[in-house]
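The next block holds one structure in the form of structure tokens; read it before the comments.
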Amino acid sequence: MPRRPTRRRRMLNPQPLTFSPFARSVAQIASIHVDRCQTHKSKDQKGSPLNSKDKGIWKHTLEGKNDLSESSEEEGSGGVVQADFVFFDPKPDDFHGVKILLQTYLDDAQWDLSGFVDLILAQTTVGTVVKIEGDDDNTPFSIVTALNLRRYKDHKCIKELKEFLLKVCLEKDVIKDLRLFMGEQANDVGLLVSQRVVNLPPQLLPPLYDALFDEVSWATEDEPTEELRNFFCFKCYLLVSKIYKLKHKNANQKNKRNLKRRSASDSGDEIVYIKPEDEIFHKLSLWSFSFPMQTQQVETQEASNIVVCFFWFLGPFPLI
């Protein structure tokens, strides 16, 4: 179903002062995250919004070694690449690119990832794919969407996703709530899926999340049937993401596999958020639990690769 034209224009020319409180928080965290990432060999990024006849277009200069182009001319200019990032509605042609982005979404689990990608791309009224304008490969650099767990409960991929989360969650109090919200109260839960390449400019985050929450809000009014409209009346969100934990010398190594509430801090581990907005989600979450990844494991004396599951309510927080 087409978006409302007036609301689409709102997304094309976003102004910082009109961002939602949540998006402004993301922008602030993102600016801090850039400084932190420089110590981890991240790219410097600068940009400004431009007009577009599509969902949105953002022009950025990527400095330093860049994986977006291999032309000798760009290498000779010191590795500075101009990139126009465009927001698109999901479509079937994005299947392979989005599948690559979600390859380790459930760590090393064998599950119906293809079916999961199909669900995401079939939901065109809520969801955004970010690409580079004029890219011959038409490669997605980011995907963000929200899926109602009740709506898709009979799909194999959602069943397997639920089974995976219940398997890795060992905290008794958390797993009780997890079963409840993935079962009886699943109609109120949106699975927030947000995956992207590491060097996507953080300046894109506020308009990207503003667009998502706008689309969720519009879907509660614009979907053709009452049943579909109700599927987007989310009261809470479930998010699966990846973080790093910096281990201190006095940290108990056995705690790596213990899943605990967010308030527990006795392990002495310092969290490094790969995606800056995850710090906000973590603070807003009612509860969370973590478990070590088996794929692409980073295991040194200083850092370990951890998947964390956040659960947070929409109502009490000024997200939209």
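The values are calculated or read from the model by the stated rules, or taken from the named source; none is laboratory data. Every value quoted in this text rests on a predicted model; they were computed, and no experiment measured them. Note that we place each Cβ from the backbone using ideal geometry, even for glycine, and neighbour counts take in every protein chain shown. Just the protein is used for accessible areas: all its heavy atoms, side chains included, with ligands, DNA and RNA removed. Shrake-Rupley method; radii C 1.70, N 1.55, O 1.52, S 1.80 Å.
Candidates are the residues of segment 261-294 that are open to solvent by less than 30 Å² (accessible area, probe 1.4 Å), modelled with pLDDT of 65 or more and among the polar types (S, T, N, Q); the one that is nearest to VAL189 (Cα to Cα) is SER285.
Restricting attention to segment 71-103, the residues that are more than 24 Å from GLN203 (Cα to Cα), modelled with pLDDT under 75 and not acidic (Asp, Glu) total 3. When segment 188-202 is filtered for residues that are part of a loop (DSSP other than H, G, I, E, B), over 18 Å from PHE87 (Cβ atoms) and touching a strand residue (DSSP E or B) at 6+ places or on another chain (Cβ under 9 Å), nothing remains.
Residues in segment 97-140 that are open to solvent by less than 20 Å² (accessible area, probe 1.4 Å) and part of a loop (DSSP other than H, G, I, E, B): LEU102, TYR105, LEU106, ASP107, GLN123, VAL126, GLY127, PRO140. Does LYS156 satisfy being open to solvent by 70 Å² or more (accessible area, probe 1.4 Å) and touching a helix residue (DSSP H, G or I) at 6+ places or on another chain (Cβ under 6 Å)? Here the answer is yes, as LYS156 does meet what is asked.
Taking first residues from segment 175-203 that are closer than 15 Å to VAL129 by Cα and partners that are in a helix (DSSP H, G or I) and of a type outside the set (Ser, Thr, Tyr), the Cβ contacts under 6 Å between residues at least 6 apart in sequence or on separate chains come to GLN195/LEU101. Scanning segment 195-249 for residues that are closer than 23 Å to TYR152 by Cβ, under 20 Å from the mean Cα position of the chain (by Cα) and hydroxyl-bearing (Ser, Thr, Tyr), we see that the one that is most open to solvent (accessible area, probe 1.4 Å) is SER217. I'm checking my understanding of the structure. Among residues of segment 187-242 that are farther than 17 Å from PRO276 by Cα and basic (Lys, Arg), which one is modelled with the lowest pLDDT? Looking at the filtered set, the residue picked out is LYS235. Restricted to segment 169-180, and to residues that are assigned to a helix (DSSP H, G or I) and surrounded by 19 or more Cβ atoms within 10 Å (Cβ to Cβ), which residue is farthest from the chain's Cα centre (by Cα)? Per the criteria, the residue is VAL174.
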